[in-house]
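The values are calculated or read from the model by the stated rules, or taken from the named source; none is laboratory data. Just so we're clear, the structure is a prediction, and the values are computed from it rather than from any experiment. Surface areas here come from the heavy atoms of the whole protein model, side chains and all, with no ligands, DNA or RNA. Shrake-Rupley method; radii C 1.70, N 1.55, O 1.52, S 1.80 Å.
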Amino acid sequence: MNRERHRREDEAAREWKGAYKPYDILREATIALGVVLALALVLTILFSSPDLQSTTVRSWSRSDPVDFVTTATTELDGSSTTGSYGPPYNHNGPSQHIGFINPAKWVGVTYPINTGQDYVLAPLRLITGQPALQTAISTYEAAPAKTQTAWTSAYETALAKASANPNGSITVKPGNYGPLPTMMGSLLTFAQSGGLDGALLTSRQFYQTDYTKALLFISDGGLLTNRAMQQNLVGSQWGMMNETGGYPGQVWLWLYTFWYQIKPFSTSANGDILVLAVMAVLSLALILIPFIPGLRDVPRRIPIYKLIWRDHYRTQQSDGA
């Protein structure tokens with residue numbers, strides 16, 4: 001019975017039997033465009049993004065030299081986030097997965113990064129006119145892995161209590177750090193001069209667009225996290241849908257960032273791929289709504305369409321009477 005009634009409603013909706021009114025689509029489009037442009041202009045003035053100074057390795061090393069040197073040391077021994085991340089950068093860590101579903105492992109290392117070489121040793125070799133530095137690099141590379149680990153571990157421990165000096169250098173408590181003080185001192189000076197930013201660019205094109213290595217290096221430190229906290233952009237602050245410096249932001253991303261606020265997504269090491277899987281299922285369900293029994297009948301059971309097209313149904317009732 002319901003199916004027959006639905007069929008009659010569908011048939012009745014195929015042909016409009018109500019009144020017709022003249023409609024100037026060009027006039028309406030012009031008015032709509034003008035209103036939208038005016039609204040966009042006003043909202044741009046009121047809620048525009050702040051023109052914040054870009055974060056570079058140079059600015060980072062100058063504003064927080066201790067954090068820079070600490071991060072560079074973890075890059076040297078491979079204990080940084082990037083150094084132990086796994087695919088697509090290296091094979092040093094597990095990639096995010098759901099059971100046997102492991103896309104990163106299937107694709108493999110597509111953007112190889114050796115943090116010790118790329119962030120420390122290779123840039124230091126670019127510095128000329130410093131024989132002591134080149135000797136320090138050779139000493140470090142010739143040392144056994146166990147000795148290198150002892151040096152970096154001791155240096156990282158000492159850096160926790162290091163202090164920055166007015167001239168941009170740092171003061172570290174004396175200890176057995178091997179050639180690391182010489183190497184890191186030179187790397188810090190190189191970074192503060194802006195040289196390290198250029199050394200980390202991997203594109204050979206005239207216009208440099210690949211800042212992956214520099215961004216990963218900076219993100220291994222504490223600078224970006226601190227700036228994100230100040231701008232309400234970290235995950236625990238629903239940062240994915242926030243705008244830099246204020247609101248509103250990308251409100252349509254609320255559903256994506258919502259999952260990061262609850263367990264197990266907020267605590268799982270595989271949180272990103274779990275959220276991706278949930279959103280894929282929800283997106284598929286949205287696409288398949290016309291084919292899912294019960295769900296596709298919701299508009300019929302909640303007849304809002306009759307309120308929208310009330311003139312049409314009022315005409316039908318009059319004709320039926």
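In Å², what does the accessible area per residue of the chain work out to with a 1.4 Å probe?
Computed with neighbouring chains in place, this is 65 Å² per residue.
Carbon and sulfur atoms: what percent of the 1.4 Å accessible area of the chain do they account for?
After summing per-atom areas, the C and S share lands at 61 percent.
Amide H of E243 versus every other amide H placed in the peptide plane: which residues, excluding those fewer than 5 positions away on the same chain, fall under 5 Å?
Amide H neighbours of E243: G249, Q250.
Out of every Cα-Cα pair in region 47-157, what percent are more than 24 Å apart?
Everything past 24 Å amounts to 42 percent.
Residue by residue through region 38-55, what is 3J(HN,Hα) from phi via Karplus (6.51 cos²θ - 1.76 cosθ + 1.60, θ = phi - 60°)? Round to whole Hz and write x for glycine and proline.
Once rounded to whole Hz, the list reads 5, 5, 4, 5, 5, 5, 5, 5, 7, 10, 5, 5, x, 8, 7, 5, 5, 8.
Mind listing the phi-derived Karplus ³J(HN,Hα) values for region 234-240, rounded to whole Hz, using 6.51, -1.76 and 1.60 with θ = phi - 60°, and x for any glycine or proline?
Listing the rounded values in order: 7, x, 5, 9, 6, x, 4 Hz.
Pairs of Cα atoms under 8 Å, at least six residues apart: use those to get the relative contact order of the chain, whole percent.
Contact order relative to length: 18 percent.
From the mean inverse distance of alpha carbon pairs (Kirkwood) and the Cα radius of gyration, derive Rg over Rh for the chain.
For the chain, the value is 1.18.
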